[in-house]
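Step one of this worksheet: look at the structure below.
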Amino acid sequence: MIFNMNVLKNIELIRKDFPILSTKVNGNQLIYLDNAATSQTPNCVIESISDYYKNLNSNIHRGVHKLSQLATEKYEESRKKFKKHFNARSTSEIIFTPGTTHSINLISNGFIKFLKKDDEIIVSQLEHHSNIVPWQMLCEKTGAIMKVIPMNEKGELDLNVFATLLNDKTKVVFVNHVSNALGTVNPIDIIIEKSHNAGAAVLIDGAQAAPHFEIDVKKLNVDFYVCSAHKLCGPTGVGILYGKKEWLEKLPPYQGGGEMIDQVSFEKSTYADLPNKFEAGTPNISGVIASGIGLDYINKIGLTNIKEYEDYLLDYATSKLKEIDGIKIYGESKTKVSVISFNIGEIHPYDIGSVIDNLGIAVRTGHHCAQPIMDYFDIPGTIRISFSFYNTIEEINILIDALKKASKMLS
Ligand SMILES: *Cc1c(COP(=O)(O)O)cnc(C)c1O
């Protein structure tokens, strides 16, 4: 793959924006390859949080005083940024939550209102536990039945089977855009269209997609799209939930409290308009503001440049990894992002993870909150490396040497 070296030249400058990248771990320079779990935080985001508490700290939406007004403006400014970024029709379609997991629970709980016994809902075999368990809880409460879109050896979903699962009992389909365990990019445009033709709503878990490429919710015609700011260079504790206005109006609120009401009396309370209806209580104000700054940072680099560079890292790392004796890579879909899951021979992934951690290399080992995928391959877990735009070819070379060393030591 040919790569535009102009972007590469900027990598050293970009890395300077992330103070943690110059940290030493176990006496070695940190090599951070666990970006699918959380991305690192640039200075502008760290400064935004500190600036908020130094200069702006106050509660939003209800204060007449100046700081409250300024904080409210910044909080709402962040909503406008995400609205524009995902191409939502209106800011009332963007809800801030504590994260992807919370967003999925918010939606699945709301669906109690729309499901009855023997209705059907569809998940995929490629899901993160956060897009499985809340829906199982929904089935327990309603008597609805969960069906599963199976995957193949390459880690791709079987759309022919999916077509046979859809019928007039199907009420909602929920799949991820990108698998966090294998990196597969799923054909969600087809899944959305087929689901809609069957009369079902669709939720897309975009936690792993949003950091890697552009997403247009209007073009996708998706009903719900969710992701987490902490994988988008933002802080932890902020989720972005896009919902079509028609759906958000129909869904009941998830939590009751301040901010989400219009009128309250002991006989009856009425709910606030969108988006406040779903934002009960004091939100993570500094986090939401800083998430908008993180999004600006990503957009300054540009998701098209990010995708191109990460694809280059992915290709390079994949071919280098294949030179290691006994390596097996799980999930080699033609469409995938910069996530690679693998094992070396019979060595337990945790053992390799520990050896290379001693060398300062951060990878993830285990089932990656996706046990059904591990069951498919009949393994307890994998080693997962996941790249961001601030990773480099040199880091991959060091990783490969470390893996070879670890493999020799442990086999
Ligand atoms: C990280 C992740 C989640 C969970 O996100 P939280 O921020 O932990 O709530 C869900 N789905 C996928 C695909 C993920 O990668």
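Read-outs throughout are calculated quantities, based only on the coordinates presented, and are distinct from any laboratory measurement. Small disclaimer: the values here were computed from a predicted structure and weren't measured. Please note: Cβ atoms are built from the backbone with ideal geometry, for glycine as well, and neighbour counts cover all protein chains shown.
Please compute, over every Cα-Cα pair in the chain, the percentage with a separation greater than 31 angstrom. Present the calculation step by step, with values, prior to reporting the outcome.
Values: 34723 of 84255 pairs.
Looking at the chain, the distances longer than 31 Å represent 41 percent of pairs.
Just to be sure I understand the model, the point goes 7 Å from the Cα along the line to the Cβ. What's the resulting Ile11 to His348 distance in nm?
Rounded to a tenth, the inter-label distance reads 3.4 nm.
Rounded to the nearest 500, what is the chain's calculated 222 nm mean residue ellipticity when only DSSP H runs of at least 4 contribute -39500 (n - 2.57) each, over all residues? Please list the in-between numbers first.
Values: 15 runs with 159 residues, N = 411.
So the helix-based figure for the chain works out to -11500 deg cm²/dmol.
In what order do Phe18, Phe114 fall by count of nearby beta-carbon atoms within 10 Å, going from fewest to most? Write down the numbers at each step before the final one.
Numbers: Phe18 20, Phe114 16.
Least to most surrounded, the residues fall as Phe114, Phe18.
So for the chain: antiparallel DSSP bridges make up what percent, rounded to the nearest 5? Working shown, then result.
Values: 28 of 48 bridges.
In the chain, DSSP labels about 60 percent of beta bridges as antiparallel.
Starting from the Cα-Cα distance between Asp325 and Glu153, subtract it from 0.36 nm times their residue separation and give me the gain in nm to one decimal.
Values: separation 172, 0.36 × 172 = 61.92 nm, distance 2.07 nm.
Value of the extension gain: 59.8 nm.
Tell me, how many Å apart are the Cα centres for the range 129-162 and for the range 335-411?
Going from one Cα centre to the other spans 27 Å.
Once you've got the GNM for the chain with C-alpha springs shorter than 10 Å, pick whichever of Thr270, Thr304, Thr392 has the biggest mean-square fluctuation.
Thr270
Given labels modelled 7 Å from the Cα in the Cβ direction, how far is it in nm from Phe266 to Lys80?
Taking the two extended label points, one gets 4.4 nm.
Tell me, in nm to one decimal, what length is gained between Thr335 and Gln371 on full extension, where the rule is 0.36 nm per residue of separation less the Cα-Cα distance?
Working: separation 36, 0.36 × 36 = 12.96 nm, distance 2.17 nm.
That works out to 10.8 nm of additional length.
Rounding to the nearest 20 debye, state how big the charge dipole of the range 34-100 is about its Cα centre with +1 on each Lys and Arg Cβ and -1 on each Asp and Glu Cβ.
On the way: 10 positive and 7 negative charges, 64 e Å.
It comes to approximately 300 debye.
Between Lys250 and Thr318, what FRET efficiency follows from the Cβ-Cβ distance if R0 is 35 Å, with the result rounded to 0.05?
Details: r = 44 Å, r/R0 = 1.27.
Computed FRET efficiency for Lys250 and Thr318: 0.20.
Rank-order 36-42, 95-101 by packing density, defined as the average count of other C-beta atoms within 10 Å over each peptide's residues, highest first. Walk me through the numbers before you get to the answer.
Working: 36-42: 21.0, 95-101: 22.9.
Final packing ranking: 95-101, 36-42.
Which order results if Asp325, Asp17 are arranged by neighbouring Cβ count within 10 Å, fewest first? Walk me through the numbers before you get to the answer.
Working: Asp325 10, Asp17 18.
Listed from fewest to most nearby Cβ atoms, that is Asp325, Asp17.
Subtracting the Cα-Cα distance from 0.36 nm times the residue separation, let me have the gained length for Lys218 to Cys44 in nm, one decimal. Intermediate values should be presented prior to the final figure.
Details: separation 174, 0.36 × 174 = 62.64 nm, distance 2.97 nm.
The span from Lys218 to Cys44 would gain 59.7 nm if fully extended.
Taking only complete DSSP H runs, can you tell me which helices of the chain stretch 24 Å or more along their own long axis by Cα positions and average at least -1.0 on the Kyte-Doolittle scale?
Span-like helices in the chain: 285-301, 303-321, 393-410.
Stick to Cα atoms and the Kirkwood definition of Rh, then tell me Rg/Rh for the range 27-117. It would help to have the intermediate numbers written out before the result.
Details: Rg = 18.1 Å, Rh = 16.7 Å.
In the range 27-117, Rg relative to Rh is 1.09.
Starting with the fewest neighbours, write out His102, His196, His65 ranked by other beta-carbon atoms found within 10 Å of each beta-carbon. Show your work: numbers first, answer last.
Working: His102 19, His196 15, His65 9.
Fewest-to-most Cβ neighbours within 10 Å comes out as His65, His196, His102.
Using a Gaussian network model of the chain whose springs link C-alpha atoms within less than 10 Å, name the residue from Gly366, Gly345, Gly381 with the highest mean-square fluctuation.
Gly345
Can you compute log10 of I(q)/I(0) for the range 151-248 with the Debye formula, treating each Cα as one identical point scatterer, at q = 0.11, 0.20, 0.24 Å⁻¹?
Values returned for q = 0.11, 0.20, 0.24 Å⁻¹ are -0.34, -1.04, -1.33.
Using DSSP to call loops (not H, G, I, E or B), can you name the GluC sites (Glu not before Pro) in the range 278-332 whose Cβ has at most 12 other Cβ atoms within 10 angstrom? Don't skip to the end; give the middle numbers.
Values: sites: Glu279, Glu308, Glu310, Glu323, Glu332; in loops: Glu279, Glu323, Glu332.
Those that pass, being in a loop and sparsely packed, are Glu323.
For the pair Val133/Asp378, report the inter-label distance in nm, with labels modelled 7 Å from Cα in the Cβ direction.
That separation, rounded to one decimal, is 2.8 nm.
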